[in-house]
Structures are given as structure tokens and as C-alpha cells.
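Undergrad: Take a look at the following structure, please.
The values are calculated or read from the model by the stated rules, or taken from the named source; none is laboratory data. Keep in mind that what you see is a predicted model, and the values were worked out from it rather than measured. Don't worry about glycine lacking a Cβ; one is built from the backbone with ideal geometry, like all the others, and counts go over all protein chains shown. In case anyone asks, the SASA skips ligands and DNA or RNA and just uses the protein heavy atoms, side chains included. Shrake-Rupley method; radii C 1.70, N 1.55, O 1.52, S 1.80 Å.
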Amino acid sequence: MDDEPLSQWAERRDARIGQLRAVPLVTGDGPRASHLNPDAPRAIQRWNGHLWEAYGFAANLAEARRILFPHAKAASTPEASPRLGPGTGRHWKPPAP
């Protein structure tokens with residue numbers, strides 16, 4: 001097994017300093033994945049190089065994403081996406097007689 005030099009490990013660790021993450025505040029052993037509880041409040045945490053420390057609070061997933069990704073573009077409007085019409089593709093089912 002090849003060991004990584006300590007200097008490379010330190011550079012990798014220091015590159016993450018200041019990184020933010022959102023942790024859902026749910027009770028018990030409930031699901032912690034963001035897509036399962038989009039309306040649950042979030043604790044925003046910041047990596048200081050050694051541990052995650054409290055940084056802020058968000059009321060729901062949408063607000064947490066605005067904090068975590070401030071430069072992200074707004075979602076495209078549904079009208080801009082292509083629409084699929086009735087087709088004769090592989091999974092097309094003929095109408096019932």
C-alpha cells in the first residue's frame with residue numbers, strides 16, 4: 001500500500017477549510033437525506049480544518065441551497081424544456097381495442 005506524503009494530505013485538508021454543509025435537523029434515527037425532508041430546518045456547518053462548527057441556520061432545503069451555492073444560476077423555467085409528444089418508440093403501447 002502506498003502511503004501519501006504528509007504534505008499532500010495537509011494540502012488536501014487545508015483546501016476544504018471554509019467549506020459549508022447543511023445538516024437536516026430531524027429527531028431520532030429518521031432519514032437525514034435532504035430529498036426526504038425538504039421542509040425540515042437545516043443547520044449550516046463550516047469546516048475549520050479539524051471539525052464541523054456551527055455557522056448558520058436555514059428554514060428549509062431551498063434556503064440552505066441559496067446559502068451553500070450563492071452563485072448558482074436560477075433553475076430554468078419549465079417552458080424552456082423540450083416536451084415529448086406521443087411517439088412510436090420502443091416502450092410505446094398501442095391503444096386498447
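Undergrad: Take the residues in region 75-87 that are modelled with pLDDT of 65 or more and open to solvent by 80 Å² or more (accessible area, probe 1.4 Å); name whichever of them is farthest from Arg16 (Cα to Cα).
TA: Within region 75-87, the match that is farthest from Arg16 (Cα to Cα) is Pro86.
Undergrad: Among the residues of region 7-44, write down those that are part of a loop (DSSP other than H, G, I, E, B) and among the aliphatic types (A, V, I, L, M). Can you show your working first?
TA: Residues of region 7-44 part of a loop (DSSP other than H, G, I, E, B): 16-19, 25-41.
Residues satisfying the conditions are Ile17, Leu25, Val26, Ala33, Leu36, Ala40.
Undergrad: If you don't mind, there's one more thing I want to ask. Just for region 1-26: of the residues that are more than 20 Å from Arg66 (Cα to Cα) and under 20 Å from the mean Cα position of the chain (by Cα), which one is least open to solvent (accessible area, probe 1.4 Å)? Lay out the reasoning, then the answer.
TA: Initial filter on region 1-26 (more than 20 Å from Arg66 (Cα to Cα)): 1-15, 26.
Now restrict to residues that are under 20 Å from the mean Cα position of the chain (by Cα): 15, 26.
Values: Ala15: 83, Val26: 44 Å².
That would be Val26.
Undergrad: Being surrounded by fewer than 15 Cβ atoms within 10 Å (Cβ to Cβ) and more than 25 Å from Arg12 (Cα to Cα) is true for just one of Ala72, Ala62. Which residue is that?
TA: Numbers: Ala72 fails: more than 25 Å from Arg12 (Cα to Cα).
Unique residue meeting the criteria: Ala62.
Undergrad: List the residue pairs whose Cβ atoms are under 6 Å apart, where the first residue sits in region 40-62 and is over 24 Å from Gly28 (Cβ atoms), the second is assigned to a loop (DSSP other than H, G, I, E, B) and open to solvent by 40 Å² or more (accessible area, probe 1.4 Å), and the two are 6 or more positions apart or on different chains.
TA: These pairs meet every condition: Trp47/Arg16; Trp47/Gln19; Gly49/Ile17.
Undergrad: May I ask you to verify whether Gly28 is touching a helix residue (DSSP H, G or I) at 6+ places or on another chain (Cβ under 8 Å), modelled with pLDDT under 95, of a type outside the set (Val, Ile, Thr) and on the phi > 0 side of the Ramachandran plot?
TA: No.
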